[in-house]
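Asks: I am attaching a structure below and will ask some questions about it afterwards.
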Amino acid sequence: MPLCHIPRSWVEVDLEAIAHNLDIARQALPHHAHLMPVVKAGAYGHGLEPVARRLDRDGISYFGVANVGEARRLQQAGVRTPSFIMGPSFPVEREEIIQRHWSCTISSCEEADHLNRLAALYGKTLTVHLALDSGMGREGFLYPDQEDLGGFIDYLRSLEHLKIEGIMSHSPSADEDYTFTQSQIDLFSGWVRELRSHLDIRYCHLAASAGLLAYEIPEANLARPGLLLYGVAPMASIYDGVLRPTLRLRAHVCLVRELPAGHSISYGRTTQLREKTRVATVGIGYADGWSRSLSGSGVCASIQGKLCPMLGRVTMDQIMIDVTDIADVVSGSIVDLICPEQPITRVAELAGTIPWEIFTGLGPRLPRLYS
Ligand SMILES: *Cc1c(COP(=O)(O)O)cnc(C)c1O
């Protein structure tokens, strides 16, 4: 008996497009600035190891990851670029950070003291970046008042086993509020100038994709692009036309039937056919990341470059589409859900969310195929 399983839906990833978009990010950077490609969350659904291996070339300072689990996976994949853990760590995770020479942020004295003590215990020096909270409210020290600044700098200097290699912050509104972000940049730049006069700092960074595209950050010499690498600019820019899409979400038609006028489609029977319709059942659902909030949104599937409307609600494993106008659709035909005809920005808009969430919601059931 032949054993055979054909994936109902899958993701095709274009690694060369990601490398191309990294080059675009480099072009958007001021001269001599450094890059930390952000590969957290499985490289935004594209697959952590394959993406990191492809980008693991000269000219990258760090890979930006969210936690020690991701850093460990990069290490096991043989990636040479060091990992920078952007989010806070738990105390029990910190020995490994020190032993494996990863870099991380410090956001509080508790964290800094503990890391310093552990590093001393192992006779090592840990490279850290001082995180400053300039409005994100998620991590980082609050910048001390002028009269406390001397004490803060003395404190940082007393951490003998921490090498404070960088100063970083993060923008909460770079793609939504230009005025706030501009004042945030001024604030950050002022802080950096003051700290730099007392500490030997190699990297200063504030910008994610939007910051990189749309602002000049005078003191910054490193950027942390994520979304941009995956072909989407969070705001209009001169680079819009040159970014390349990095993935295609595809699925197989599993069944094609003709249903009569008046027949209802999917849970809740929100769609009733007005006329006789050829309906294809397609093997993708919300369990794969094809969000249930796309139900009734006007989202389509593309077959042979033609857009076919989705009918009724998204179910866990399947959706139905109207293929009346396409003659030769059969079981096994391929449909595209995210593709040039229906880009991820459109899908995100119809789902009432952002492209970051669509990318990272692409589920583990979808095999990733690389080219
Ligand atoms: C996720 C993240 C980024 C990347 O953001 P994009 O908007 O996807 O470019 C950069 N910096 C930090 C701290 C992040 O958490």
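The values are calculated or read from the model by the stated rules, or taken from the named source; none is laboratory data. Fair warning: this is a prediction, and the values are worked out from it, not measured in the lab. Every residue, glycine among them, receives a Cβ derived from its backbone with ideal geometry; neighbour counts consider all protein chains shown. The protein model used for the area step is the full one, side chains on, heavy atoms only, and it has no ligands, DNA or RNA in it. Shrake-Rupley method; radii C 1.70, N 1.55, O 1.52, S 1.80 Å.
Asks: Report the local net charge at R365: Lys and Arg +1, Asp and Glu -1, summed over other residues whose C-beta lies under 10 Å from its C-beta.
Replies: Charge balance in the 10 Å sphere: -1.
Asks: Same structure, new question: Send over a whole-number figure in Å² for the accessible area per residue of the stretch 279-371, probe 1.4 Å.
Replies: 43 Å²
Asks: Can you tell me the order of 165-176, 263-274 when each peptide is scored by its average per-residue count of other Cβ atoms within 10 angstrom, highest first?
Replies: Ranking the peptides 165-176, 263-274 by packing returns 165-176, 263-274.
Asks: Next question, about the same structure. Most mobile of T353, T81, T246 per a Gaussian network model of the chain (Cα springs, under 10 Å)?
Replies: Of T353, T81, T246, the most mobile in the Gaussian network model is T353.
Asks: If a/c stays under 1.5 just call it rounded; otherwise compare a/b with b/c (prolate if a/b is bigger, oblate if not). Do that for the stretch 15-138, with a ≥ b ≥ c from the square roots of the Cα gyration tensor eigenvalues.
Replies: Prolate shape, in that a/c is at least 1.5 and a/b is the bigger ratio.
Asks: Rounded to whole Hz and in sequence order, give me ³J(HN,Hα) for the stretch 229-234 from the Karplus expression 6.51 cos²θ - 1.76 cosθ + 1.60, θ = phi - 60°, writing x for Gly and Pro.
Replies: 5, 9, x, 10, 8, x
Asks: Here's something else I'd like to know. So for the chain, what percent of the C-alpha to C-alpha distances run longer than 40 Å?
Replies: Within the chain, distances greater than 40 Å cover 26 percent of Cα pairs.
Asks: Follow-up question, since we're still on this one. For the stretch 93-235, what % of the accessible area comes from carbon and sulfur atoms, probe 1.4 Å? Walk me through the numbers before you get to the answer.
Replies: On the way: 2800 of 6010 Å².
After summing per-atom areas, the C and S share lands at 47 percent.
Asks: State the answer as a single residue: which of G305, G289, T353 lies farthest towards the positive end of the charge dipole of the stretch 238-371, with beta carbon charges of +1 for Lys and Arg and -1 for Asp and Glu, about the Cα centre.
Replies: Sorting the options by dipole projection puts first G289.
Asks: Which ³J(HN,Hα) values in Hz, rounded to whole numbers, follow from the phi angles of the stretch 4-12 under the Karplus curve 6.51 cos²θ - 1.76 cosθ + 1.60, where θ = phi - 60° and Gly and Pro get x?
Replies: Computed from phi, the couplings for the stretch 4-12 are 8, 10, 9, x, 6, 8, 7, 10, 9 Hz.
Asks: Additional query: Hey, can you rank 249-260, 229-240, 60-71 by average C-beta count inside 10 Å, highest first?
Replies: 60-71, 229-240, 249-260
Asks: Between the alpha-carbon centers of the stretch 278-322 and the stretch 343-371, tell me the distance in whole angstrom.
Replies: Result: 14 Å between the Cα centres.
Asks: Let me ask something additional. With θ set to phi - 60° and the Karplus curve 6.51 cos²θ - 1.76 cosθ + 1.60, what are the ³J(HN,Hα) couplings of the stretch 334-340 in order, to the nearest whole Hz, using x for Gly and Pro?
Replies: After applying 6.51 cos²θ - 1.76 cosθ + 1.60, I find 9, 10, 10, 9, 10, 6, x Hz.
Asks: Zone of K163 (label point 7 Å along Cα→Cβ, backbone N under 11 Å): which residues in the stretch 117-136?
Replies: Zone members listed by number: 125-128.
Asks: Using alpha carbons only, how many angstrom separate the centre of the stretch 181-210 from the centre of the stretch 65-109?
Replies: The distance from the Cα centre of the stretch 181-210 to that of the stretch 65-109 comes to 23 Å.
Asks: If the only charges are +1 at each Lys and Arg Cβ and -1 at each Asp and Glu Cβ, what is the size of the charge dipole of the chain around the Cα centre, to the nearest 20 debye? Please list the in-between numbers first.
Replies: Values: 34 positive and 42 negative charges, 310 e Å.
For this selection, approximately 1480 debye.
Asks: With charges set only on the Cβ (+1 for Lys and Arg, -1 for Asp and Glu), what does the dipole of the stretch 71-213 come to about its Cα centre, in debye to the nearest 20?
Replies: Charge dipole of the stretch 71-213: 860 debye, to the nearest 20.
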